[in-house]
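Notes follow once the structure below has been shown.
The values are calculated or read from the model by the stated rules, or taken from the named source; none is laboratory data. Not measured: the values here are computed from a predicted model. Here the Cβ positions follow ideal geometry from the backbone for every residue, glycine too, while neighbour counts run over all protein chains shown. Note: areas computed on protein heavy atoms with side chains; ligands, DNA, RNA excluded. Shrake-Rupley method; radii C 1.70, N 1.55, O 1.52, S 1.80 Å.
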Amino acid sequence: MTQAVELPGPAEPDPVQVPPQFAQIMWGEIEDVIGEVVQEIRRAIPEYDRPENSAYDQILRLGAEKLITAYIERIADPSVPLTERDETCRALGHFEAVEGRSLDHMQAAYRIAFHIAWRRTAAVAERERIPSVVVTTMVESMLTYMDEAIAQTRHGHQQAMEHADLRRREHRRQLLHLILQQPAVVPEAIEELARTASWPLPDEVTMVAIHPDAPCTISALDADVLIDLDSPEPCVLVPGPLDRSRQSMLEAALAEASSVLGLTMPIDKATDSLRWSRRVLELAEEGIIRDGSLIPCEQHLMTMWLLSDVTLIEELTRRHLAPFDDMSDGHRRKLTETLAEWVTTRGNAVELAERMNVHAQTVRYRLRQLESYLGESLADPDTRFSLDVTLRAASLHRRRHLGRRGTPGS
């Protein structure tokens, strides 16, 4: 079989280059072009219309001069590097980022400069009788040059934004530490750092304590949430009241994290909110309360209080139940359970029997025993309150020991 031979097609013509001599003509127009570009940009884009000799005016003029000059130099000698142009473009992008703007205005300015340069080029070409093919090539080179300049400007803008974002995040992390610092710093220091971090100071905040090993989806958090996940005791601060939107945001970020939703409090009380949240997190770890995501701190305030001093709980229990010392463990436990139900509900024998799932006659017998052991103290309101608190705390204290042995919290 004869193998087909592919014949070479017609060679593509070499692209027409802009004659270097054309640069000489353009040098004569450059001052007028720069002036017209600056004037038109200031007219068309109000953000750039600043007083002459101001920082904005100088940056605008320098940018136009650098970019137009670099283009003509490139026409005169295509081997000339564009390092200075690229640095200028990146600086312009950085400036826009620092000013808090996107690149929309800067790209509009580039288009204005292109149209003015094209219009001047067309006029010069007609005057100098330059062939249309050269003019077309000139336009294409301008478009390519503009695309390259925009790309470099975008790069500078992106770098500045990333740097600004990292800097802002660091400022906000420092701000969180300052808000939580003990002893508290003067409010003016917090206000100053808040301004630096572009973080409006709220009247109220909600602290969330997070387990050190818990996962957190940072991208789900609102931009104004202060976070510190690198410390031994991670936390986040949510500014303002905790509405449904904020709640949903936290649920998305901490869906699988052992965490406690603190109380919403004035910002100068944020330390207290976090301290209580961390205490509730400890109670969950100890098995006293059920672990989970965003455990509401407000539902466990009494538990925290009752367990605030274990030694005191033990001493109160010893004093209140001293008359039971000579009983067997089983008998003492049954009387203590009945006493706890009675001081809590003040119910009669039938009601207590239903709650304790025992016979009413059994409850009557136990109540008579309690009266014989504790006497008239049961009629005293202060004693009953002290008994109620002590027995509740003792029950929680026992649950803590069970939790540490692996029994799940309730």
Problem set entry | Spatial separation of Cα centroids for the stretch 269-331 and the stretch 46-77, in angstrom | 70
Problem set entry | Those trypsin sites (Lys or Arg not before Pro) in the stretch 96-193 that DSSP places in a loop and that have at most 16 other beta carbons within 10 Å | R101, R129
Exercise. Relative to the longest principal Cα axis of the chain, at what angle does helix 30-44 sit, 0 to 90 degrees, rounded to 10?
Worked result: 40
Seminar exercise, completed: Taking a probe of 1.4 Å and leaving out DNA, RNA and ligands, the chain shows per residue an accessible area in Å² of 58
Exercise. Under unit Cβ charges (Lys, Arg +1; Asp, Glu -1), what dipole magnitude, rounded to 20 debye, does the chain have relative to its Cα centre?
Worked result: 1900
Exercise. In the stretch 298-396, with Lys and Arg counted as +1 and Asp and Glu as -1 at Cβ, which of these residues, H320, N348, Q361, has the Cα nearest the positive end of the dipole, that is, farthest along it?
Worked result: Q361
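Give me the dipole magnitude in Debye, nearest 20, for the stretch 275-398 about the Cα centre, with unit charges on the beta carbon: positive for Lys and Arg, negative for Asp and Glu.
Details: 17 positive and 20 negative charges, 43 e Å.
It works out to roughly 200 debye.
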Problem set entry | CD proxy at 222 nm, helix term only [per DSSP H run n ≥ 4: -39500 (n - 2.57); per residue of the chain; nearest 500] | -20500 deg cm²/dmol
Problem set entry | Spin-label proximity, A76 to the stretch 18-60 - amide N less than 20 Å from point 7 Å beyond Cα toward beta carbon | 18-35
Problem set entry | Restricting the stretch 285-392 to trypsin sites (Lys or Arg not before Pro) in coil, as DSSP defines it, with at most 15 other Cβ within 10 Å | R290, R346
Problem set entry | Acute angle (nearest 10 degrees) that the helix 270-285 long axis makes with the longest principal axis of the chain, alpha-carbon atoms | 60
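Could you work out what % of the accessible surface of the chain is carbon and sulfur, using a 1.4 angstrom probe and leaving DNA, RNA and ligands out of the count?
Numbers: 12400 of 23980 Å².
Summing carbon and sulfur atoms, their accessible area is 52 percent of the total for the chain.
Treating the beta-carbon of each Lys and Arg as +1 and of each Asp and Glu as -1, no other charges, what is the dipole magnitude of the stretch 202-289 about its Cα centre, to the nearest 20 debye?
Working: 6 positive and 16 negative charges, 37 e Å.
Charge dipole, the stretch 202-289, about its Cα centre: 180 debye, nearest 20.
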Exercise. For the stretch 51-192, with the dipole built from +1 on Lys and Arg beta-carbon atoms and -1 on Asp and Glu ones, taken about the Cα centre, which of A122, A91, M146 lies farthest toward the positive end?
Worked result: A122
Exercise. How much FRET efficiency would the formula 1/(1 + (r/R0)^6) give for E128 and R169, where r is the Cβ-Cβ distance and R0 is 51 Å, rounded to 0.05?
Worked result: 0.35
For this session: Treating the angle as unsigned and between 0 and 90°, give the value, to the nearest 10°, between the Cα long axis of helix 360-374 and the longest Cα principal axis of the chain.
Result: 80
Problem set entry | Extreme residue, positive dipole direction of the chain, given options A394, W276, L175 (C-beta unit charges) | A394
Exercise. Under a no-solvent Debye model with one identical scatterer per Cα of the chain, what's log10 I(q)/I(0) at q = 0.06, 0.08, 0.10, 0.12 Å⁻¹?
Worked result: -0.53, -0.70, -0.87, -1.02
For this session: Specify the inter-centroid distance of the stretch 178-254 and the stretch 365-397, based on alpha-carbon positions, in whole Å.
Result: 44
